[in-house]
Amino acid sequence: MTPLTLALPKGRLFEQVQEHFAARGLVFDFNDRKLTANDSSGRLKIILVKNADLPTYVHHGIAGLGLCGDDVVYESGYEFPHLLSFDFGHTSMALAARKNHVRTEHLSGSGHLTIATKFTRFTRDYFHGQGVPVKIIRLDGSVELAPVLGLAPYIVDLVETGSTLKANGLEVLETLKKIGVNLFANAAYYKLHYQEIGSLVDTLRTS
Ligand code: PRP
């Protein structure tokens, strides 16, 4: 049996994914900083990649399947057939600012919000969709620093427990979107491996 190829994201989601799969007989581990592994049942060949690169690997068919948050796929601009939503790893995309921040945009004439974020596509589309003009400053991490250091009064970022915001004296002004974790496929790969993928989805769906 040729294993299905699956891209998984490095980072905070990884352990929850590993646990979910292991509980359904798909046991794997990445030892010695290796970035590829096979699961114990031989059904999967897994590659471990950076979140933002994951959709690129699936789009190019290097991995036939991918698993990550909606936010990551949205930023990539790619669209994939959706296979399964998981009940772990839920977060929210939120607009945040320093506690007791006073809105003064209406005084500046242009009225735009200056927002620092990693999620530039989402932020632009969301606020333009609301008719709110925005100036976006792109950062690649530790976005919470931006309001603290005066780079931008607002951030759009993922909030899970809220502890990073709290530790930096920030608060959520508005929750913009609930973010879930999904399994998806490269469209051509899905057609070619329809049966094996269907059976994998059944395995992963069992509670
Ligand atoms: C995410 C997000 C926040 C943090 C929120 O970052 O960008 O910084 O988690 O989590 P909390 O609400 O539980 O505190 P991540 O840990 O993925 O690292 P990154 O900043 O390098 O993307």
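The values are calculated or read from the model by the stated rules, or taken from the named source; none is laboratory data. What you see is a predicted model, and the numbers here were worked out from it, not measured in a lab. Ideal geometry is used to build each Cβ from the backbone, glycine not excepted, and the neighbour counts take in all protein chains shown. These accessible areas exclude ligands, DNA and RNA; they are computed on the full protein's heavy atoms, side chains included. Shrake-Rupley method; radii C 1.70, N 1.55, O 1.52, S 1.80 Å.
Structure summary
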| read-out | value |
| --- | --- |
| Given (1) among the hydroxyl-bearing types (Ser, Thr, Tyr); (2) assigned to a loop (DSSP other than H, G, I, E, B); (3) away from the ligand (no atom under 13 Å from the Cβ), index of the condition residue 199 fails | (2) |
| Hits in segment 183-193 - residues which are in a strand (DSSP E or B) and either aromatic (Phe, Trp, Tyr) or exposed (fewer than 12 other Cβ atoms within 10 Å of the Cβ) (or both) | 184 |
| Any chance residue 146 is farther than 25 Å from residue 68 by Cα and crowded, with 17+ Cβ neighbours inside 10 Å | yes |
| Subset of segment 194-207 [touching a residue at least 12 places away in the same chain (Cβ under 8 Å) and open to solvent by 50 Å² or more (accessible area, probe 1.4 Å)] | 196, 205, 206 |
| Flag if residue 169 is open to solvent by less than 50 Å² (accessible area, probe 1.4 Å) and on the phi > 0 side of the Ramachandran plot | yes |
| Hits in segment 26-59 (condition: closer than 18 Å to residue 201 by Cβ and open to solvent by less than 40 Å² (accessible area, probe 1.4 Å)) | 26, 28, 39, 42, 44, 46, 58 |
| Scope segment 82-100; condition in contact (Cβ under 8 Å) with a residue 12 or more places away in the chain and open to solvent by 40 Å² or more (accessible area, probe 1.4 Å); matching residues | 82, 85, 90, 98, 99 |
| Qualifying residues in segment 177-207 (those that are β-branched (Val, Ile, Thr) and modelled with pLDDT of 95 or more) - the one farthest from residue 86 (Cα to Cα) | 197 |
| Within segment 135-182, considering residues that are assigned to a helix (DSSP H, G or I) and closer than 21 Å to residue 102 by Cβ, the one nearest to the ligand (Cβ to nearest atom) | 165 |
